[in-house]
Amino acid sequence: MTEKNQVGLKIRQLREMHQCSLEDLAEQSGCSAAFIEQLEAGELAPSLAPLLKIARGLGVRLGTFLDDSPQNGPVVARSGVDCQVVRFSGQSHSNISTLDFHALAADKKDRHMEPFLIDVHPSAEEECNLSAHEGEEFIYVLSGSIQVVYGNETHVLQMGDSIYYDSVVPHEVHATHESDTAKILAVVYTPV
């Protein structure tokens with residue numbers, strides 16, 4: 001079992017608030033009820049693509065899973081001040097967390113972009129499971145080395161490199177085998 005993930009708790013709270021059963025949410029999101037139940041129980045480290053589907057099924061933004069008390073004005077993230085960390089898997093159905101997302105605007109109300117600092121940990125898993133979702137992503141490598149698989153293309157990015165792509169094309173991001181944990185700035189845009 002993975003360490004308790006607050007995203008699962010938030011999904012359950014939102015589902016119950018909308019008086020939505022697991023089966024209803026599964027139908028609305030295209031994810032299985034068993035998968036959603038495992039997420040809610042904290043047994044899986046979720047990946048971005050199914051979370052986007054679940055957010056759509058609930059009629060909320062992806063960032064709603066990270067919000068505590070949304071603000072209308074600007075949100076400032078200060079250096080050295082810990083922000084909420086959400087652990088994601090690079091795979092769709094995994095209990096291994098390879099991505100630590102540090103939300104930079106979790107309290108911003110009605111945002112369309114999701115900015116994150118992400119620690120990308122190396123993984124022993126060789127299998128590459130591509131995922132796709134609506135929107136766009138921008139990644140800037142702050143340290144280390146990552147590999148971005150985008151459709152049939154593979155891009156290795158080093159510190160100072162960036163990539164911008166349409167998220168509807170199947171893709172996956174992971175640390176290269178030569179790298180220790182890499183750190184990236186990622187901005188994810190998902191249309192409402």
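Selection within the range 13-66: residues that are in contact with a His (Cβ under 7 Å, 6 or more places away or on another chain) and farther than 20 Å from His112 by Cα. The member of this set that is modelled with the lowest pLDDT is Leu44. Checking each residue in the range 8-48 for being among the aliphatic types (A, V, I, L, M), in contact (Cβ under 8 Å) with a residue 12 or more places away in the chain, surrounded by fewer than 20 Cβ atoms within 10 Å (Cβ to Cβ) and closer than 15 Å to Phe65 by Cβ picks out Leu9, Leu14.
Of all residues in the range 153-181, those that are surrounded by fewer than 13 Cβ atoms within 10 Å (Cβ to Cβ) and assigned to a loop (DSSP other than H, G, I, E, B) total 6. Filtering the range 103-152 to residues that are of a type in the set (S, T, N, Q), at pLDDT 85 or above, crowded, with 18+ Cβ neighbours inside 10 Å and over 19 Å from Val188 (Cβ atoms) leaves only Ser145.
The values are calculated or read from the model by the stated rules, or taken from the named source; none is laboratory data. Values in this document were obtained by computation on a predicted structure and should not be read as measured data. When we count neighbours, we look across all protein chains shown, and the Cβ atoms used for this are built from the backbone with ideal geometry, even at glycine.
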